[in-house]
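Q: After the structure tokens below, expect a handful of questions from me.
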Amino acid sequence: MRALNYLELESQLDRSGIGTSVDQQRAALAETDIEVLTSPWAGGSPGDGLSAALAGDCPVADFDVAHCNMIGPGTVAVAQYARRNDVPLVLHSHVTKEDFAESFRGSNYLAGPLGHYLRWFYSQADLVLCPSEYTKRTIESYPVDAPIRPISNGVDLESLEGYEDLREEYRERFDLEGMVVFAVGNVFERKGLTTFCRLAQETDYEFAWFGPYDSGPHASKTVRKWTQNPPENVTFTGWVDDIRGAFGAGDVYLFPTKAENQGIAVLEAMACEKAVVLRDIPVFEEFYTHGEDCLKCETRDEFRDALEELAANPDLRERLGKNARATAEEHGLERVGNRLANIYRELSDDNATH
């Protein structure tokens with residue numbers, strides 16, 4: 001079976017959670033018998049597709065299932081092609097209006113119209129995949145007129161091996177000492193930026209946020225405020241060349257996010273046996289257990305108390321980290337690949353019988 005696994009604007013999204021999720025889908029499928037195409041064009045590029053069209057051939061590649069991971073015009077074109085040609089269509093709901101808000105300047109104003117668009121867009125699918133039961137409930141509420149099925153984004157355990165060896169290099173590079181409280185990923189207010197910085201102001205620990213942030217006109221006021229004038233004990237590293245260095249350098253992964261569809265970086269931190277402190281939001285209820293593989297907090301006082309407890313109790317940090325690793329292993333790519341392959345076959349078989 002040949003499956004199109006398509007990410008529109010792939011080069012621009014390579015540093016995003018969506019890009020990571022798609023990379024992991026493809027890595028997972030590589031261990032199955034599914035042949036994966038990453039471009040919808042015959043020959044692999046728009047230019048090749050145009051050449052095929054000029055020669056009188058079909059400009060679109062031959063595939064049995066189309067699995068699309070973005071929501072833009074290129075993806076709409078692929079979706080319409082699939083519908084016209086009776087090719088099973090899977091749309092992956094990485095984007096919701098809820099997690100779009102508080103990401104960049106103006107995103108809150110666009111979230112409402114985006115919700116109307118997503119209702120139409122996802123309703124085209126033969127099957128909508130989403131990272132969690134929480135996301136399923138969210139897009140059902142739009143409502144979306146298509147079957148919806150949760151599937152974990154997974155975590156690439158092998159890609160994180162060797163993180164311990166980078167600890168000293170990355171701590172020295174960013175002048176970090178003692179218990180380092182850290183986050184990984186794009187710097188957005190939705191991910192709890194203000195809480196992260198306020199906690200730094202109220203404690204004596206080193207805080208580091210490993211990940212890119214916008215500084216131009218499209219950056220939110222909140223991101224500009226904190227990244228241009230951070231508290232003395234906060235380091236915004238910008239893009240790092242090896243994400244393993246971030247997980248090696250940090251000790252307590254702090255993620256006071258306001259909304260997530262799953263949170264790949266949480267699983268990555270858990271895979272690296274880090275103690276994890278999360279905001280107690282609905283999506284995390286289905287994956288993580290307070291006191292077992294993480295600590296969950298609602299208020300800033302609770303976050304501060306959790307950090308103080310972890311600083312005073314290295315044994316607790318170690319126990320949470322060991323249990324977190326076991327949780328991450330439940331989301332290994334082998335399981336994700338097998339589930340995706342079975343979904344593709346199921347849709348193809350259903351299509352053949354109709």
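Q: I'd like the orientation of helix 333-353 relative to the chain: the angle between its Cα long axis and the longest Cα principal axis, in ° from 0 to 90, rounded to 10.
A: Helix 333-353 sits roughly 20 degrees off the main axis of the chain.
Q: Counting helices only, and only those DSSP H runs with n ≥ 4, report the 222 nm mean residue ellipticity of the chain as the sum of -39,500 (n - 2.57) divided by its residues, in deg cm²/dmol to the nearest 500.
A: -13000 deg cm²/dmol
Q: Students often get this wrong, so check it: of Lys97/Lys136; Lys191/Lys221; Lys191/Lys296; Lys97/Lys258; Lys136/Lys322; Lys274/Lys296, which have C-alpha atoms separated by over 18 Å? Intermediate values should be presented prior to the final figure.
A: Working: Lys97/Lys136 13 Å; Lys191/Lys221 15 Å; Lys191/Lys296 15 Å; Lys97/Lys258 13 Å; Lys136/Lys322 30 Å; Lys274/Lys296 14 Å.
Those over the limit are Lys136/Lys322.
Q: Contour minus end-to-end for Glu346 and Ser11, with contour as 0.36 nm per residue of separation and end-to-end as the Cα-Cα distance?
A: Working: separation 335, 0.36 × 335 = 120.60 nm, distance 3.07 nm.
Fully extending the segment from Glu346 to Ser11 adds 117.5 nm.
Q: Restricting the count to DSSP beta bridges whose residues both fall in the stretch 166-290, what percent are antiparallel, rounded to a multiple of 5?
A: 5
Q: Under a crude label model (7 Å from the Cα following the beta-carbon direction), how far is Asp62 from Glu140 in nanometres?
A: So the two model labels end up 4.0 nm from each other.
Q: Can I ask one more? Write down the Kirkwood hydrodynamic radius of the stretch 109-201, to one decimal in angstroms, obtained as one divided by the mean of 1/r over all alpha carbon pairs.
A: One decimal place: 17.2 Å for the Kirkwood radius.
Q: Turning to a different aspect of this structure: Ratio to report: Rg/Rh of the stretch 1-126, with Cα atoms as the point set and Rh obtained by the Kirkwood method; give two decimals.
A: Details: Rg = 15.5 Å, Rh = 15.6 Å.
Looking at the stretch 1-126, the ratio lands at 0.99.
Q: When ranked by the protection proxy of mean other Cβ atoms within 10 Å per residue, highest first, what sequence do the peptides 269-278, 83-92 form?
A: Result, highest mean Cβ count within 10 Å first: 269-278, 83-92.
Q: Ranked highest first by the average count of other Cβ atoms within 10 Å around their residues, in what order do 255-268, 113-126, 202-215 fall?
A: The densest-packed peptide leads the list: 255-268, 202-215, 113-126.
Q: Please work out the Cα convex hull volume for the chain and give it in Å³ per residue. Mind dumping the intermediate values first?
A: Details: hull volume 49.8 nm³, N = 354.
Given the Cα convex hull of the chain, per-residue volume reads 141 Å³.
Q: Quick check: pseudo-label points 7 Å beyond the Cα along Cα→Cβ at Ser215 and Asp165, how many nm apart are they?
A: Between Ser215 and Asp165, the simple spin-label model gives 3.2 nm.
Q: Mind jotting down the distance between the C-alpha centroids of the stretch 235-257 and the stretch 19-59, whole Å?
A: 33
Q: To continue, here is another question. Roughly what % antiparallel, to the nearest 5, for the DSSP beta bridges in the chain?
A: If we restrict to bridges inside the chain, about 5 percent are antiparallel.
Q: What whole number of Å gives the distance from the Cα centroid of the stretch 296-330 to the Cα centroid of the stretch 117-173?
A: 23
Q: Still on this structure: Looking at the stretch 22-174 only, what percent of DSSP beta bridges run antiparallel? Nearest 5 please. Show your work: numbers first, answer last.
A: Details: 1 of 10 bridges.
DSSP beta bridges in the stretch 22-174 are roughly 10 percent antiparallel.
Q: Still on this structure, please answer the following. Return one number: the angle in degrees, 0 to 90 and rounded to the nearest 10, between the long axis of the Cα atoms of helix 73-84 and the longest principal axis of the Cα atoms of the chain.
A: Helix 73-84 and the main axis of the chain meet at about 40 degrees.
Throughout, read-outs are computed from the coordinates displayed, never taken from laboratory work. In this text the structure is predicted, and so the values were computed from the model without any measurement. Backbone-built Cβ (ideal geometry, glycine too); neighbour counts: all protein chains shown.
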